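The values are calculated or read from the model by the stated rules, or taken from the named source; none is laboratory data. Nothing here was measured: the structure is a model prediction, and the numbers come from that model. Virtual Cβ from ideal backbone geometry, glycine too; neighbours counted across all protein chains shown. Surface accessibility is based on the protein's heavy atoms, side chains included, excluding ligands, DNA and RNA. Shrake-Rupley method; radii C 1.70, N 1.55, O 1.52, S 1.80 Å.
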Amino acid sequence: MGRRNYLVEGLSGTGKTTVADELQRRGHQVVHGDRELAYQGDPSTGVPTVDGGHENHLWDVDKVRALAADRSVAATFFCGGSRNFPTFLDLFDEVFVLEVDLPTLHRRLDARPDEEWGGGTPTDRDLIVRWHQTRQDVPTSGVVIDSTAPVERVVDEILRRCHPDVSTVHLAVRFDVDDEALSRLHARAFDGGRPAQVVPWASRLSRHALTWIGAFEDDRLVGFVHACWDGGAHAFLLDAVVDPERQRRGIGRRLVEALVDEVRSAGCEWLHVDYEPHLEPFYRQCGFGSTRAGVLRLQR
């Protein structure tokens, strides 16, 4: 299914199906393991059984391996729980384990209809609480994701930790700039969505920029950054922006890292940037250090 494969695990009530649906809504390839791969079997041998309980909820290992070996898409997310996950953990580039606090877990389980449980019978609540406390039945080496947050933020965090190739967003260097599209993007990010005044971006960039990079989701511009320079050793990062609906998905960092590569390839020795205080952690993650600087406002 994917050139990269990810497992999203967790106890009952932690939100695996909800996360799977959100990933699918965003266009990612998803395998609902509990629907497509699960069967009742002997946990030691894998041989199917007629009946079984929680410990007999297995995934078909051959199917998992076949799906993971298909490289037709950028990434596949396998979502669900199984008792035989140790037999195929080696197939995944990363494992994410969803976790919630006990009060949230109880609320979610109270609201779950019986038909959503395997076999139509809810698992004993005391067992689930014990598994929650011991982290039994989930991979111990997985990246823990707090899934008490809204599902959009949970999925944002998962995608942030995936390889950049997983994103459906692609970057384009020195693309043909549409003044209206770039002006709308800046208005959405900086002006609260007010109608955009069209700025002659294309002519400005062609005259003054060393390079510029856009982030596109399909054909829609969702991110942008450019660099001006002094014609020698110094370049200046300017106008970095990501659509508010696409933020916290690693797009901004991809844009900045790509710009750094382009500026370095052009022979510049220094790339300068200034930013508001709340953006310091972001630029530090991108490799920038702090330095003293000054600014003089010329127009009011």
For this session: Please find, within the stretch 1-45, the residue that is surrounded by the fewest Cβ atoms within 10 Å (Cβ to Cβ) out of those that are in a loop (DSSP other than H, G, I, E, B) and among the small types (Gly, Ala, Ser).
Result: 44
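Filter the stretch 60-84 down to the residues that are over 23 Å from the mean Cα position of the chain (by Cα), open to solvent by less than 60 Å² (accessible area, probe 1.4 Å) and not β-branched (Val, Ile, Thr) and list them by number.
Listed by number, the residues that qualify are 60, 82, 83, 84.
Per-residue answers, yes or no, for (1) in contact with a Ser or Thr (Cβ under 7 Å, 6 or more places away or on another chain); (2) closer than 30 Å to residue 71 by Cβ; (3) at pLDDT 95 or above:
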{"site": "163", "(1), (2), (3)": "no, yes, no"}
{"site": "167", "(1), (2), (3)": "no, yes, no"}
{"site": "171", "(1), (2), (3)": "no, yes, no"}
{"site": "179", "(1), (2), (3)": "no, no, yes"}
{"site": "182", "(1), (2), (3)": "no, no, yes"}
{"site": "205", "(1), (2), (3)": "no, no, yes"}
{"site": "217", "(1), (2), (3)": "yes, yes, no"}
{"site": "220", "(1), (2), (3)": "no, yes, no"}
{"site": "224", "(1), (2), (3)": "no, no, yes"}
Exercise. Which one is farthest from the chain's Cα centre (by Cα), of the residues in the stretch 228-276 that are closer than 19 Å to residue 191 by Cα and part of a helix (DSSP H, G or I)?
Worked result: 244
For this session: Being under 21 Å from the mean Cα position of the chain (by Cα) and at pLDDT 90 or above narrows it down to one of 37, 89, so name that one.
Result: 89
Problem set entry | Test result for residue 263, surrounded by 12 or more Cβ atoms within 10 Å (Cβ to Cβ), within 24 Å of residue 160 (Cβ to Cβ), of a type in the set (A, V, I, L, M) and at pLDDT 90 or above | no
Seminar exercise, completed: Matching residues in the stretch 138-184 (hydrophobic (A, V, I, L, M, F, W, C), part of a loop (DSSP other than H, G, I, E, B) and closer than 30 Å to residue 30 by Cβ) number 3
Problem set entry | Residues that are farther than 13 Å from residue 223 by Cβ, outside any loop (DSSP other than H, G, I, E, B) and open to solvent by 70 Å² or more (accessible area, probe 1.4 Å), drawn from the stretch 185-198 | 190
For this session: Return the only residue of 51, 90 being open to solvent by 70 Å² or more (accessible area, probe 1.4 Å) and either in contact with a His (Cβ under 6 Å, 6 or more places away or on another chain) or more than 18 Å from residue 139 (Cα to Cα) (or both).
Result: 51
For this session: Would you mind telling me which numbered condition in (1) at positive phi; (2) at pLDDT below 95 residue 239 fails?
Result: (2)
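Taking the condition among the basic types (Lys, Arg), loosely packed, with under 12 Cβ neighbours inside 10 Å and without any contact (Cβ under 8 Å) to a residue 24 or more places away in the chain, does residue 300 pass? Give the steps one after another, and end with the answer.
On the way: among the basic types (Lys, Arg): yes; loosely packed, with under 12 Cβ neighbours inside 10 Å: yes; without any contact (Cβ under 8 Å) to a residue 24 or more places away in the chain: yes.
The answer is yes for residue 300.
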Seminar exercise, completed: Across the stretch 267-300, the tally of residues that are within 22 Å of residue 212 (Cβ to Cβ) and at pLDDT below 95 stands at 10
